[in-house]
1. Starting from the amide H of K1019, placed 1.01 Å from N in the peptide plane, find each other amide H under 5 Å away whose residue is 5 or more places distant or on another chain.
2. Which entries in K206/K304; K423/K516; K865/K946 show an alpha-carbon gap greater than 24 Å?
3. Sequence neighbours fewer than 8 away in the same chain don't count; with that in mind, list the aspartates and glutamates whose C-alpha is under 16 Å from K793.
4. If you put +1 on each Lys and Arg Cβ and -1 on each Asp and Glu Cβ, how big is the dipole of the chain around its Cα centre, in Debye rounded to 20?
5. R0 = 56 Å: FRET efficiency of A114 with E873, Cβ-based, nearest 0.05?
6. From the cross-link list K125/K548; K106/K170; K821/K881; K548/K580; K29/K795; K365/K396, which pairs have alpha carbons spaced over 23 Å apart?
7. How would region 661-804 be classified by its alpha-carbon gyration tensor: rounded, prolate or oblate, with rounded meaning a/c under 1.5 and the a/b versus b/c comparison settling the rest?
8. Counting only Cα atoms, I'd like the Rg/Rh figure for region 565-620, Kirkwood definition for Rh.
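Read-outs: derived from the displayed coordinates by stated rules, not from any lab. For clarity, every value in this text was computed on a predicted model and none was experimentally measured. Neighbour counts are summed over all protein chains in view; Cβ atoms, including those assigned to glycine, are modelled from backbone coordinates with ideal geometry.
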Amino acid sequence: MQNIDLSELEKPILEKWEADKTRERVNAKNKGGKIFFFLEGPPYANGELHMGHVRGYTRKDAMLRYKRMRGLDVFDRAGFDVHGLPIENKVEKELGLTSKRDIESKVGVAEFIAKCISTYKNFMKAQVNDAMRFGAWLDFENAYIPATPEYMDKALFIFKKIYEKNLVYKDVRVMPYCLHCGTVLAKGPEVEEEVDTDPSFYVLFKVDWNRSKAGIELDDNTYLLIWTTTPWTLPGNMAIAANPRAMYVRARVADRNIIIAKDRIDALAKQFNISFTVINEFYGSELSGVYYINPLEDLVPKQKEMRKYHKVVLSEALVSLGDGSGLVHLAPAYGPEDFEIAKREKIPVMSLVGIDGKYTQDAGKYAGVQLIHEANKEVEKDLETSNMVLAKDTLKHNYPHCWRCHDKLVYLPTDQWFININKIKSKIKRACDKVEWHPKELKDWFIESIESAPDWVVSRQRYWGIPIPIWTCDSCGNTEVIGSYAELKEKDPSLNFTAEDLHRPNIDKITFKCGKCSGEMHRIPDVFDVWYDSGVAHTASLTDMEFKTMFPNAYVTEGPDQLRGWFATLMKTSVAAYGKSPFKIIAMQGWVVDSKGEAMHKSKGNYVSAHDLIETYPIDAVRGFMFSHAAHENLKFSKQEIEDSASVLRLIHNISNLIGEYSSAAGYSAKRVRAPTQLAKLEPYNAWIVSRLNSIIKDMTKGMEEYDISYGFNRLTGFIIEDFSRFYLKIAKKRINEGSRKEARQVIDTINHVFYNTLLMLAPEVPYSAEHVYLDLYKFAESIFMEAWPKHKDKLIDLQIEKDFGVTSEAITAILNSREKSGIRLRWPIQNATIETYDDEAEASFGRLASIIEDYTNVKELKIKKVARAIEEEVKPLFQKIGPDFKEKANMVAEALKSTDASALRDSISKTGAYTLHTDLGPIEVKPEHFTIVKKVASTDAVEFKYGMVETDKTVSKELMREVIIREFERHVQVMRKGLNLRKADKIELGYEALPDVAAIIDADSKRIRKDVNASSMKHGLLESAEPQQLDLDGTTVKVSIKKRAEQVLGDNTQSKDR
């Protein structure tokens, strides 16, 4: 196989596509056909593409190329996400800003927004270049971008529709909050769990004996033991939760009585070497009515004001007994679960932390202290000073972090705007019934994620985003939602329709009179959650006419994270606004992970970018590797598999070259691809490969229609490697060289028909190679993508002949293995080979294709024998395990194993995992590692295979040796011709030297030899001015010299001159 530089072949193809505008021309050809609406899941334009992006782009591209070849009018607009923290964090770092406050105080919002715009444009340009290099045929020129005024205009329109359906509300909620970014985040896509180390504190809260009304024995020296990894939340404590069904104890520890869950005593005693002496036991429900004193109330006066709420409340859901003390401190302002319990128990939410991450003046001693690390240390120090820490340690655990800056998050109560998802969950579930899901399980996964989804907080306290179009009145609190640029223009006629005007800070300047009073309306300062941007792409990415024509029939495909991300936001906004799903077909792809199955990260050193792939591998090799794995499964990165994929591509290029050689050898070059009409008119081997081709077309089409590219692609590559290349082309070569002219022409026509249709099927997955070979070999159109997808014909599928050849290939492999065991080279003919089979259908198949088997394996005569039953089995002891395990009994065990019935042994092992041998020393149990079961064969050169056994005859008669000598001699001459770069039509002069007995054999067949090697003359003796080469024929040396015929050389030179 030639070592073709695939990467170098790809570059001119890409240049041709761009210069000829091939994608646009293909789309134009299909204009007016059935529309296929592809809705692009937008990557963030905030860095380089990674392997996940590459997998996504290649899968999308392959499907769209296929749909175009099916004649569909493909809508292929690209898209990008550009708003939000991904870009803002990049700009902050570039400008040297360390906090959100710096944006306004050091740079200014207008300059910051301008920098965000230039930044996303630079990243987007680089991403487009890499995506196009990977062959992505998308409309990048008209890509949808949420920062453009047209897109933002429609985003406002969708929000107003949702608002008018009473699905938008404002509420105070305890939400994840990033102190660095200065904004609330949505739990799920914007909150990442990362491993962190935090303090682990067991803190004592003294029971207020005077106020407590519990039904258990208490005294003035009793303490509730709580556990926390966030000491900074203790100044905001409002209650303690206990599990009503759990058992608790009051136990003596040193000089204090401590209440703790009974199931947690052993763990704490062991971890901290604490001695607990149990005084009494009771259920958690009996703690109801127990009041306590916060250990920090002298330092935080606000705690004294809240003393009447400081009691034990009950919650089975919140309090687990797997860690901690079985008592959970509740700070309703800093935990969503705490917040919900506080609402139930009518406990106030006391927040002592500002949005700047510092304690407020109400925090008393801690006023001005910064969260998290500094606040933890201050609180820890005071608790230890007051002797209220029973034990302390550190804990390594998962903790929520910001998805962009990766700072630790806190939970804070903030006023936010929500879309009411709970109201429309039943509608979303019904909408799911009208969607085609790939894989089918995806529907259940999606519905499960929707069922557990809270209402969607869409407001963010940032700058670079689509501004939420809500204006409120300073005087009466009236709220008005603006639904379009046109409405804004009515409010402020001086407004221009530009991206800058619709962003902050310009839009913040727009004020107008309240419709209910004389007050002034101002826009709220929030922007949309960036997931809202892409979530309205079903509408905002389209013109009004496109929306009218295509909505809601989109095809979408992304990774598993988009179940709760983009897939969910698309569905939520569409159902909220229109009452229906925005997509008709949804497909999911798995992650790309490293070779060990671990996530790829730059910090781990296992990250591979798209640019790395471009610089290292042929693009089609990467694409082929990706399509060889099921889309919904995680893909392990493998250099070896990419190399294997490249080998398949080189094979395809070499087959292209072979077709030219075969056509030259047959003296027949097909001007067009001739499709067979009937299998009956073809030679069996031609009928078989045509049938296999049609079966592959059928499978490939089925896979593509079901959005399962790997289903057909793996069958197709297997067909190319095994059926077409390794099997059919070897038969074809012999038929071209030795068959009739008519047979040779049929072979050439069949090869072209099969290869041409194979290229069409390869085109969507490996477009560069398919295009290059097509233009080189066929070029019936300006691009292979102007061609139609092949259609299978049922009448050209013969499952019996496919089965015959499948069975036959097994026998051929076995015969070749037997030859190899016997040391007989394939070029040397053997007298006979014997197939023994117990399978009636296999016997019939071997009989029908005996001549094929003989030709392929270079056997003069094939003998087929039917045997009564399967080949016998025998048990072989494995001494390397028997010796150490049974020692002095080893020989006895080995002998007993040899005489054991193989079937009984196998059955026992499959049922119980062991087998009992009955020996003179009593029963002995053996296991699978002590033996192996093998087939009994009559000869050491015999080879067992699926349908029986084969054996080859090693005897070499004088006749066979004569044939070997002639074949080796001719082969050597052909190699020499190739070394001189001679064409098949070029005649040669041939001379040789050999011992008399070998020379006699060669001379006797000189006429045939001259014809086979196209020699005008052949003599015994070396030629002058021709370098001889030496051939070893089974220990006998033959010297051979050749040169191009003199008259032809002269003629060639004269012709060259005239040209």
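1. The list, which skips near neighbours in sequence, is L990, G991, Y992.
2. Details: K206/K304 14 Å; K423/K516 29 Å; K865/K946 15 Å.
In this structure, K423/K516 exceed 24 Å between Cα atoms.
3. Result set, ordered by chain and number: D699, E802.
4. Numbers: 150 positive and 155 negative charges, 521 e Å.
Here the chain has a charge dipole of around 2500 debye.
5. Working: r = 80 Å, r/R0 = 1.43.
Rounded to the nearest 0.05, the efficiency is 0.10.
6. Details: K125/K548 31 Å; K106/K170 32 Å; K821/K881 28 Å; K548/K580 14 Å; K29/K795 31 Å; K365/K396 29 Å.
Among K125/K548; K106/K170; K821/K881; K548/K580; K29/K795; K365/K396, the Cα-Cα distance tops 23 Å for K125/K548; K106/K170; K821/K881; K29/K795; K365/K396.
7. Details: a/c = 1.84, a/b = 1.26, b/c = 1.46.
Taking the square roots of the gyration eigenvalues as a ≥ b ≥ c, region 661-804 is oblate.
8. On the way: Rg = 17.8 Å, Rh = 14.7 Å.
Using Cα coordinates only, the ratio equals 1.21.
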